[in-house]
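Structure provided below as structure tokens; questions to follow.
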Amino acid sequence: MNYLEINDDLFKYHDKGYHLVHCISADFKLGAGIAREFERRFNLREDLLYAFGSKWYLEYDEKLPGDAFLHGKKRIIDLITKTRYWHKPTLYSMRRALEKMKNGCEKYNIKKVAMPKIGCGLDKLDWLDVSTLIKDVFKDTQINIVVCYL
């Protein structure tokens with residue numbers, strides 16, 4: 001793994017062939033924070049509802065958050081880290097989602113990902129804890145990870 005934190009615009013990495021990563025809730029609201037900007041730019045909710053069905057999130061309450069969804073040609077990876085948009089993720093749900101993302105990256109030969117400081121804006125996780133998780137989960141991969149902040 002190559003890991004870099006840089007003061008830069010996340011979305012310009014999409015033009016450089018990176019998959020962009022962000023966190024969402026299982027209700028697919030995408031209405032606040034950076035998720036809103038991802039939805040505005042890439043129309044992700046439509047893909048999610050098509051893939052999971054419009055009532056999927058109602059059944060998701062019984063399952064633990066900690067999944068990842070790849071938007072194929074759009075090169076976007078959603079980390080599903082909480083059930084409802086008003087909930088907060090845990091380090092456990094973040095780890096599970098990162099592990100699913102790692103498996104997907106290996107399966108589809110994804111070598112470059114860029115992300116904001118995931119889980120640390122409106123979701124209130126501590127960046128030191130999250131960055132430690134990222135480094136631990138991806139330590140044995142050949143994936144280039146760029147974390148962008150402004």
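The values are calculated or read from the model by the stated rules, or taken from the named source; none is laboratory data. Predicted model, so just to flag it, every value in this text is computed and none were measured. No Cβ is skipped: glycine too gets one built from the backbone with ideal geometry, and neighbour counts run over all protein chains shown. Protein only, heavy atoms only, side chains kept; ligands, DNA and RNA dropped before computing areas. Shrake-Rupley method; radii C 1.70, N 1.55, O 1.52, S 1.80 Å.
Counting only residues that are outside any helix (DSSP H, G or I), of a type in the set (Gly, Ala, Ser) and either buried (at least 19 other Cβ atoms within 10 Å of the Cβ) or modelled with pLDDT of 95 or more (or both), how many does segment 34-76 have?
The initial filter retains those residues of segment 34-76 that are outside any helix (DSSP H, G or I), namely 43, 53-55, 63-71, 75-76.
Filter again for of a type in the set (Gly, Ala, Ser), leaving 53-54, 66, 68.
So of that shortlist, the ones also either buried (at least 19 other Cβ atoms within 10 Å of the Cβ) or modelled with pLDDT of 95 or more (or both) come out as 66, 68.
Result for segment 34-76: 2.
Let me ask another. Going by what's in this entry, would Phe11 be described as in a helix (DSSP H, G or I), at pLDDT 95 or above and within 16 Å of Gly119 (Cα to Cα)?
So Phe11 fails the test.
Tell me yes or no: at least one residue of segment 91-110 is in a loop (DSSP other than H, G, I, E, B) and at positive phi.
Looking for residues that are in a loop (DSSP other than H, G, I, E, B) and at positive phi, one finds at least one in segment 91-110, hence yes.
Does Leu79 count as open to solvent by 60 Å² or more (accessible area, probe 1.4 Å), at pLDDT 95 or above, part of a strand (DSSP E or B) and closer than 29 Å to Lys139 by Cα?
no
Conditions (1) at pLDDT 95 or above; (2) within 18 Å of Ala68 (Cα to Cα); (3) buried (at least 16 other Cβ atoms within 10 Å of the Cβ); (4) not aromatic (Phe, Trp, Tyr), marked per residue:
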| residue | (1), (2), (3), (4) |
| --- | --- |
| Asn7 | yes, no, no, yes |
| Tyr18 | yes, yes, yes, no |
| His22 | yes, yes, yes, yes |
| Ala32 | yes, no, no, yes |
